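Any read-out appearing in this document is the output of simple, stated calculations on the displayed coordinates, not a laboratory observation. Given the structure is predicted, the values throughout are model-derived calculations rather than measurements. Heads up, the Cβs are rebuilt from the backbone with ideal geometry, glycines too, and the neighbour counts pull from every protein chain shown.
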2 protein chains.
Amino acid sequence: MPYYIGDVIKDKNRLVARTPEEFKKTGVDVILGNGVEAIDAEKGQVKLSDGAILPYDILVMGTGADAILPEMAGQDLPGVYTLRNLTDGLRIKSYLNEKVIRKAAIVGAGFIAMEMSEALRNLGIETVVLSRSPLPVARWDAAFSKMIVEELHKNQVTFLPGTKPVAIEKGKDFALRMTTNCGEMDADLILMALGIKRNVKLAEAIGLKTGESGAIQVNFAQRTSCEEIYAVGDCCEVFNRVSQKWMYLPLGDIANKQGRIAGQNIGGSPGIFPGVVGAQSFKVFNLEVAATGLTEAEALKSGFHPVSNIIWGLPIARSMAKDEKLGIKLIADKPSGKLLGAQSISAGEGAVKRINMLSVALWAGMDLTDISYLDLAYSPTFGGAWDPIHIAAQGLMRKMA
Amino acid sequence: MPYYIGDVIKDKNRLVARTPEEFKKTGVDVILGNGVEAIDAEKGQVKLSDGAILPYDILVMGTGADAILPEMAGQDLPGVYTLRNLTDGLRIKSYLNEKVIRKAAIVGAGFIAMEMSEALRNLGIETVVLSRSPLPVARWDAAFSKMIVEELHKNQVTFLPGTKPVAIEKGKDFALRMTTNCGEMDADLILMALGIKRNVKLAEAIGLKTGESGAIQVNFAQRTSCEEIYAVGDCCEVFNRVSQKWMYLPLGDIANKQGRIAGQNIGGSPGIFPGVVGAQSFKVFNLEVAATGLTEAEALKSGFHPVSNIIWGLPIARSMAKDEKLGIKLIADKPSGKLLGAQSISAGEGAVKRINMLSVALWAGMDLTDISYLDLAYSPTFGGAWDPIHIAAQGLMRKMA
């Protein structure tokens, strides 16, 4: 009988279990508040923190990832939070409800930091983003990151480039005082949004193979180097269909898919996880921001010969547009003409739609010739007769000719 | 030197000509208000309605299509309009501005009729749609058409199923009086939205080959059966990549693409038009409606063994959704598992996005296994971790198993 340390079981669309008691009725033991201390892969058993020993035939590792912390003084003070799991969210929410928060500092400028800046501004809190780099969200082209900085400013979020925290201490007027490489600042709330790191402690302790990325190696069935052990989610690697390499990409939808495949294989109905193309998106105020495939640097590293272009257009037909704006960057391989990656940003709706289409194109390994004539559901309300995708592909083909 | 009877020339993104005088400066003669009466393909010349003879080396036919009229008494009365071209639009607009329009009747229930019903209701005009069939927009599954009828009712548009016009005459209280198979009705404005028919008179007169659809046959370079004559747009056929057959699909974005390819080939830079998958969309009030690929009937006719399913879900993540609703119908071939077509409807944004992704999937010839794990740009604002596309594909695979 399998042991689950966690979540929810659904029967079709009906939720059948949410609490350990409800799970028990479905024949599943759920153990909460009791972590796994060690695995004995030889004997096929795990040791819980309360000392109990549980035998297993098949073990699924979903140890996830931990928030990265800069290891500095004061990062455990009340009012300093990481952004990793539901508990973090609940803690931040209580803090916001209990205290008067006038000013918040977000350390980090990835897409979680961007989303948080919007959430905090919507609560009327003065918000500052500290970014190590000159621009936020490194994955996107500088032309797009600059538009994000403008959007932050338009919404009264202060963006501090080249700024790193050095230490945090209790404040006087404000709850906290943070020293940075550029001086000191007050805040009632500090959010550490510096990314995450795979949690592979248990895996490494029993010698499971990890990949170049440091995350657990799995095969297409989500099986690790140990036949009885599967791994899914933010602790393991995933196959990138564009680079044809295993990589680390800890995103929620990927974890969901891997879990389904592992479950299928364990349950005796074989399946493979076909990999990803690296599609991702976020919203910050009025901007949609999305990307898929490889960046130019990643493409070079994988041996491709990337050429790229950026075009600016409209997400809907010119006759219907007001303040909309859409940018698309395409990256293609010069010798083969194959699409390698794409990035998009839009004021208003539009970027995610394009990136999703280009993700399907990447999945299928399309070249620019195909993309330049793709048949899309044209209506002036939803796009021009020539979509920005077509125009971008045709532009890049001219550049490569 | 080529002769253009028409439009606009652009140099990169700069508009260089809009009027005949402006075109002249670019070296192009534009002749307006003077139609082509006859073509002499042997001599390579066309005869204009004013009697002038123009020689050509290459001729491009863009004779388009005409609005279908039911041939009944009174269809030429003032206040009765077809919906075909810019002139129709301008005429309707003047009529709306000059007269007090209390009630409008739209004859036909295709997607142009749906769009017009919204436009007229937004002007506060009482609007009635007369539909020969029990439901509007025959291309879409009845489950979706029914949702459209509800949306029409919600917006005070009267939908009359099984209703055909018989005759129109001048009215007393209202400008017009229309007799139908179900009785009489008053209206100040009657719009004939019964679809269009390719205009192939000139083509047939010189013996150009037409296809099974009755439209002009072209090859992948947009060349007709006569080497010096090309055809583009609503007068010619287009290759359907899913059925692998030539068909008639008069849509604006397709015409644009064909024009570009014809121009390229004529200009000495060879290119082919890679065909279509049949993507189309429209908006009616708060609904997005879109479809791509084949219907079940078309799939059967093409020799496939179609199986289909419909799922209802949410266009964005459950935690973010309010009144949104999304339906997807997938049609796949049982022996091969290949996607053949898809239809979608959404209350609020969502249907077009999905149909565009599935159009790219159809373009690439994907099967349901691929579609059930496509990597999309997940963010709760834009969709669930499992997109309705995944859920629909997985559901149809279970049905086919």
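Under a 10 Å cutoff between Cα atoms, tell me which one of A:LYS25, A:LYS201, A:LYS245 has the largest fluctuation in the Gaussian network model of chain A.
A:LYS25
Which ³J(HN,Hα) values, rounded to whole Hz and listed in residue order, are derived for the range A:355-369 from phi using the Karplus coefficients 6.51, -1.76 and 1.60 in 6.51 cos²θ - 1.76 cosθ + 1.60 with θ = phi - 60°, glycine and proline given as x?
Per residue, the Karplus-derived 3J(HN,Hα) values read 5, 5, 4, 5, 5, 5, 4, 5, 3, 8, x, 6, 9, 5, 4 Hz.
Of B:ALA104, B:ALA401, B:ALA41, which is farthest on the positive side of the dipole of chain B, counting Cα position, with +1 on Lys and Arg Cβ, -1 on Asp and Glu Cβ, and the Cα centre as origin?
Toward the positive end, the furthest listed residue is B:ALA401.
Out of residues 5 or more away from A:THR127 or on other chains, whose amide H comes under 5 Å of its own, with H placed 1.01 Å from N in the peptide plane?
A:ALA104, A:THR158
I need the Kirkwood Rh of chain B: take the reciprocal of the average 1/r across all distinct C-alpha pairs and report it in angstrom. Could you put the intermediate results ahead of the total?
Details: mean 1/r = 0.0424 Å⁻¹.
Kirkwood hydrodynamic radius for chain B: 23.6 Å.
Tell me which residues come under 5 Å, amide H to amide H, from A:TYR230 once H is placed; ignore anything under 5 positions away on its chain.
Here A:LEU59, A:VAL60, A:MET61, A:THR224 satisfy the definition.
Name the long-range amide H neighbours of B:TYR378: under 5 Å, sequence gap of 5 or more, or other chain; modelled H, no Pro or chain starts.
Those qualifying (amide H under 5 Å, at least 5 residues apart or on another chain) are A:SER281.
Once label points are set 7 Å from the Cα along Cα→Cβ at both A:TRP312 and A:LEU48, what is their separation, rounded to one decimal in nm?
The modelled label-to-label distance comes out at 6.0 nm.
Of B:LYS283/B:LYS338; A:LYS257/A:LYS283; A:LYS322/B:LYS322; A:LYS301/A:LYS334; A:LYS353/B:LYS334; B:LYS283/B:LYS325, which ones are farther than 20 Å apart at the Cα?
Going by Cα-Cα distance, B:LYS283/B:LYS338; A:LYS257/A:LYS283; A:LYS322/B:LYS322; A:LYS353/B:LYS334 fall outside the 20 Å limit.
From the label point of A:SER225, set 7 Å along Cα to the beta carbon, how far off in nm is each other copy's matching point, shortest first?
6.9
What does the range A:220-340 give for Rg and for Dmax, in Å, if only its C-alpha atoms count?
18.4, 60
Rounded, prolate or oblate: which fits the range B:201-276, taking a ≥ b ≥ c as square roots of the Cα gyration tensor eigenvalues, rounded meaning a/c under 1.5, else prolate when a/b beats b/c?
Working: a/c = 1.61, a/b = 1.05, b/c = 1.54.
Since a/c reaches 1.5 but b/c is at least a/b, the shape of the range B:201-276 is classed as oblate.
For the range A:71-148, max minus min Cα coordinate along each principal axis, in Å, sorted largest first?
Principal axes ranked by extent give 40, 30, 22 Å for the Cα atoms.
Could you bin all the Cα-Cα distances of the range A:280-400 into 10 Å bins starting at 0 and give me the percent of pairs in each, rounded to whole numbers?
Reading the bins upward from 0: 15, 48, 30, 7, 0.
May I ask for the distance between the Cα centers of the range B:318-347 and the range A:305-334, given as a whole number of Å?
So the separation of the two Cα centres works out to 27 Å.
Calculate how many DSSP beta bridges within the protein assembly as shown are antiparallel, expressed in % of all such bridges and rounded to the nearest 5. Kindly include the intermediate steps, with their values, before the conclusion.
Values: 114 of 161 bridges.
DSSP beta bridges in the protein assembly as shown are roughly 70 percent antiparallel.
Considering only A:ALA351, A:ALA342, A:ALA52, give the residue with the highest GNM mean-square fluctuation for chain A, with springs between Cα atoms whenever their separation is below 10 Å.
A:ALA52
With all distinct Cα pairs included, what does the Kirkwood hydrodynamic radius of the range B:256-318 come out to in Å, to one decimal, could you say?
Working: mean 1/r = 0.0638 Å⁻¹.
When all Cα pairs of the range B:256-318 are included, the Kirkwood radius is 15.7 Å.
For chain B, calculate the relative contact order in percent as a whole number, restricting contacts to Cα pairs under 8 Å that are 6 or more residues apart.
12
Build a GNM of chain B with springs between Cα atoms under 10 Å: which of B:LEU90, B:LEU189, B:LEU294 gets the top mean-square fluctuation?
B:LEU90
Sequence gap at least 6, Cα distance under 8 Å: using those rules, report the relative contact order of the range A:280-400 to the nearest whole percent.
Over the range A:280-400, the number comes to 29 percent.
Let me test this: with uniform point scatterers at the alpha carbons of the range B:67-196, what is the Debye-based log₁₀ I(q)/I(0) at q = 0.13, 0.17, 0.18, 0.21 1/Å?
-0.48, -0.84, -0.95, -1.32
In whole Hz and in residue order, list the ³J(HN,Hα) couplings for the range B:376-381 that follow from phi through the Karplus curve 6.51 cos²θ - 1.76 cosθ + 1.60, θ = phi - 60°; x for Gly and Pro.
10, 6, 6, 7, x, 5
Over the range B:332-401, what portion of Cα pair distances is larger than 13 Å, expressed as a whole percent? Before the final figure, lay out the partial values.
Numbers: 1556 of 2415 pairs.
Everything past 13 Å amounts to 64 percent.
Taking square-rooted eigenvalues a ≥ b ≥ c of the alpha carbon gyration tensor, is the range A:63-102 rounded, prolate or oblate, where a/c under 1.5 means rounded and, failing that, a/b exceeding b/c means prolate? Write down the numbers at each step before the final one.
Working: a/c = 3.37, a/b = 1.31, b/c = 2.58.
Judged from the Cα gyration tensor, the range A:63-102 comes out oblate (a/c at least 1.5, b/c at or above a/b).
Using a label point 7 Å beyond Cα on the Cα-Cβ vector, give me the inter-copy distances for A:GLU150 in nanometres, one decimal, shortest first.
So the distances to the same position in the other copies read 4.2 nm.
If the viscosity is 1.002 mPa s and the temperature 20 °C, what Stokes-Einstein diffusion coefficient in µm²/s follows for the protein assembly as shown when Rh is the Kirkwood radius over Cα pairs? Each step should come with its number before you reach the end.
Details: Rh = 29.9 Å.
This corresponds to a translational diffusion coefficient of 72 µm²/s.
Using alpha carbons only, what's the Rg to Rh ratio of the range A:174-219 with Rh from Kirkwood? Intermediate values should be presented prior to the final figure.
Working: Rg = 18.5 Å, Rh = 14.0 Å.
The Rg/Rh ratio comes out at 1.31.
Hey, for A:GLY162 with labels 7 Å out along Cα-Cβ, what do the inter-copy distances come to in nm, ordered shortest first?
Sorted ascending, the copy-to-copy spacings read 7.8 nm.
Output ³J(HN,Hα) for the range A:37-47: one whole-Hz value per residue in order, computed from phi by the Karplus curve 6.51 cos²θ - 1.76 cosθ + 1.60 with θ = phi - 60°, and x for Gly and Pro.
Taking θ as phi minus 60°, the curve returns 8, 7, 10, 10, 6, 5, 7, x, 8, 10, 10 Hz for the range A:37-47.
Just from its helices, what would the mean residue ellipticity at 222 nm be for the protein assembly as shown, if runs of 4 or more DSSP H residues each count -39500 (n - 2.57) and the sum is divided by every residue, rounded to the nearest 500 deg cm²/dmol? Walk me through the numbers on the way to the answer.
Values: 20 runs with 200 residues, N = 802.
Theoretical 222 nm ellipticity from helices: -7500 deg cm²/dmol.
Projecting each Cα onto the charge dipole of chain B (Lys/Arg +1, Asp/Glu -1 at the beta carbon, about the Cα centre), which of B:TYR378, B:GLN217, B:GLY365 comes out farthest on the positive side?
Among B:TYR378, B:GLN217, B:GLY365, the one farthest towards the positive end of the dipole of chain B is B:TYR378.
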